[in-house]
Amino acid sequence: MVNVVVVGSYVVDLMSRTPHMPKPGETVLGGPFRMGPGGKGGNQAVSAARQGANVTMVTKVGKDLFGEDAIRNFENERIITSHVTTHETEATGAALIAVDTESENMIVVALGACGKLSRDDVIQAQQSFADADIVLVQLETSLEAIESTITLANDMSKPIILNPAPYQELDQESLSKVSYITPNETEAEFLTGVNIVDEKSVHEAALALSDKGIPNVLITLGKKGCYVYDGKDGRTIPGFAVEAIDTTGAGDAFNGAFATFIAEGYSLDDAVYRANAVAALSVTKLGTAPAMPQKDEVDNFLQRVKA
Ligand code: RIB
């Protein structure tokens, strides 16, 4: 079993269907309402664990019922929670999610306790870093925790996956220490200034990221798949056509699974191919962490599409 450390957010997802996205000042009658575990870090940890990794989660929750739920949920997924700490005063974070009839979403995240993750919290987890095959981090916590994660993992010569979501500016030194970067098209545009409209512009954006010193660039393209640039060649690894119900968390499904597969020794293209399948299956269910597919579902799906 490979060891994956995930440093990132845990928040409670409060989700409602909506017939259309509300305009400023508008109230829309939506529903049904669903509540469940979320946060990009937590979702990615669940995705990695369900694909067979031994996952340690580093995050912070509040001293409240949602925080207790978080630990129970992680334990149910066999995720190690010794570095899920509790903030004295901040509440567990929450995300307000609206999903429309096209399965597209809009999200507002109030990070709460996980926004207070500190350098010390990361340093406390250094033994887990030492045991890790790979470290996975997003941009949905404090910059202090993100930069410390990248520094610590790099000092220990551990491969680092940075999922730059949601976009916030990160210094060039941190970016140059990352082994894999996995923006979606919007995040790649923010990072490079390249307007992505076709294969030529996606390649241009990938080159710009590669020029920042990142050896492997993976630009996720939704149902079209993922554009991969390894410093030599660029190619699109196509996605899978499925009936989408809720696309929220598809990027998290991809990132957690990719961490597991690349740590297990799959080639870059094979790891992306399998992670595309995990992302595709995740959008066939409602919700985020609970919608992550199990390993056998992914194996069966890949056998069916090959047949
Ligand atoms: O990527 C989806 C996640 O983003 C949701 O679970 C929500 O919590 C937000 O953080």
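The values are calculated or read from the model by the stated rules, or taken from the named source; none is laboratory data. Fair warning: this is a prediction, and the values are worked out from it, not measured in the lab. Note: ideal-geometry Cβ built from the backbone for every residue, glycine included; neighbour counts use all protein chains shown. Surface accessibility is based on the protein's heavy atoms, side chains included, excluding ligands, DNA and RNA. Shrake-Rupley method; radii C 1.70, N 1.55, O 1.52, S 1.80 Å.
Points worth noting:
- Normalised alpha carbon radius of gyration of segment 137-243 [divisor 2.2 N^0.38 Å]: 1.05
- Ranked from largest, the principal axis spans of the Cα set of segment 1-89 equal 48, 33, 20 Å.
- For the options A257, A244, A291, a Gaussian network treatment of the chain with springs between C-alpha atoms closer than 10 Å singles out A244 as fluctuating the most.
- Loop-located trypsin sites (Lys or Arg not before Pro) in segment 71-174, at most 12 other Cβ atoms within 10 Å (DSSP): R78
- Highest mobility in the GNM of the chain, judged by mean-square fluctuation with C-alpha springs under 10 Å and restricted to V46, V108, V122, is found for V108.
- Kirkwood Rh and Cα Rg combined as Rg over Rh, evaluated for the chain: 0.94
- Candidates G25, G251, G42, ranked by Gaussian network fluctuation over the chain, Cα under 10 Å, top entry: G25
- Relative protection proxy for 127-133, 222-228, from highest mean packing down: 222-228, 127-133 (other beta-carbon atoms within 10 angstrom).
- Taken about its Cα centre, segment 1-134 carries a charge dipole of roughly 60 debye when the Cβ of each Lys and Arg holds +1 and the Cβ of each Asp and Glu holds -1.
- Distance (nanometres) between label positions extended 7 Å along Cα→Cβ at D230 and I245: 3.6 nm
- Rounded to the nearest 20 debye, dipole of the chain from Cβ charges on Lys, Arg, Asp, Glu: 560 debye
- Protection-proxy order for peptides 58-70, 206-218, each taking the mean of Cβ atoms within 10 Å per residue, highest first: 58-70, 206-218
- Per atom type, the chain shows carbon and sulfur on 51% of its accessible surface, probed at 1.4 Å.
- Taking all protein chains together and a 1.4 Å probe, the residues F240, F258 rank F240, F258 from largest to smallest accessible area.
- In segment 185-307, the C-alpha radius of gyration followed by the widest Cα-Cα span (Dmax) gives 14.4, 41 angstrom.
- Pairwise centroid distance, computed over Cα atoms, of segment 106-130 with segment 173-216, Å: 25 Å
- Furthest towards positive pole of dipole, A307, S103, Q44, structure part the chain, Cβ charges: A307
- Test item: Cα-centred dipole of segment 59-172, Lys/Arg +1 and Asp/Glu -1 on Cβ, debye: 260 debye
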